[in-house]
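A short write-up of the structure that comes next.
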Amino acid sequence: MQKKEIINMDELDPRFKYQITAQPGGEHIMKCVQCATCSSGCPVAFVSEKFNPRRIIRMAILGLKDKVLKEDFVWYCAACYTCSERCPQDVRIPDLMSAIRNIAVKEGCIHPAYKEQGRLIGEMGRLYEVTDFEN
């Protein structure tokens, strides 16, 4: 059974959902009716209970901006579009996750794995060093 979270009203940003809708890919967030079709078909949600598209959308609409941007779950989306194919409201969740990630980056909340990838590409021009063996 999942632990219930208490929401502190002082932590809510009611403008967050509008910030998302202003981003390319985030336009459809308000169409979500919380039916859970996205979460039930998501292969990532199947292996990681941290990633739950329905929960992320709900948190964003409620205005839990800091929690949504600072947690790493928005970076888990595999963009397989299974959820989009099944969504009865055409929310386009992979595009929505991309919009949220773009906001996170603008606000300095970048997942450490992406920072490391950027560092490696900047230093070596690729994600891994090519040794004499591979060359």
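Structure above, values below:
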quantity: Sites residue 90 and residue 22, calculated FRET efficiency, Cβ-Cβ separation with R0 25 Å, nearest 0.05; calculated: 0.85
quantity: Lysine pairs with alpha-carbon atoms under 15 Å apart, the chain, spacing 8 or more or separate chains; calculated: 11
quantity: Portion, in percent, of the accessible area of the chain that falls on carbon or sulfur, probe 1.4 Å; calculated: 51 percent
quantity: 3J(HN,Hα) from dihedral phi, segment 66-82, Karplus parametrisation 6.51/-1.76/1.60, rounded to Hz, x for glycine, proline; calculated: 4, 5, 5, 6, 8, 6, 8, 5, 5, 8, 7, 4, 8, 6, 7, 6, 4
quantity: Integer Hz, Karplus 6.51/-1.76/1.60 couplings in order for segment 105-110, x for Gly and Pro; calculated: 5, 4, 9, x, 9, 9
quantity: Theoretical ellipticity at 222 nm over the chain - DSSP helices of four or more residues, -39500 (n - 2.57) apiece, nearest 500; calculated: -12500 deg cm²/dmol
quantity: Total formal charge among the other residues, if their Cβ is under 15 angstrom from that of residue 32, Lys/Arg +1 and Asp/Glu -1; calculated: +4
quantity: Probe 1.4 Å - accessible area at residue 127, Å² to nearest ten; calculated: 80 Å²
quantity: Simple Cβ-charge dipole of the chain, Lys/Arg +1 and Asp/Glu -1, about Cα centre, in debye nearest 20; calculated: 600 debye
quantity: The chain - convex hull of the alpha-carbon atoms, volume per residue in Å³; calculated: 145 Å³
quantity: Global size of segment 7-74 as Cα Rg and Dmax, reported in angstrom; calculated: 12.1, 34
quantity: Whole-Hz couplings from phi, Karplus 6.51/-1.76/1.60, listed for segment 16-30; x for Gly and Pro; calculated: 4, 4, 6, 5, 5, 5, 7, 8, x, x, x, 4, 9, 4, 6
quantity: 1.4 Å probe accessible area per residue over the chain, in Å²; calculated: 65 Å²
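The values are calculated or read from the model by the stated rules, or taken from the named source; none is laboratory data. Only a predicted model underlies this, so the values are computations on that prediction, with no experimental measurement involved. Glycine also receives a Cβ, built like all others from the backbone with ideal geometry; neighbour counts cover every protein chain displayed. We work out accessible area using only protein heavy atoms, side chains counted, and drop any ligands, DNA or RNA first. Shrake-Rupley method; radii C 1.70, N 1.55, O 1.52, S 1.80 Å.
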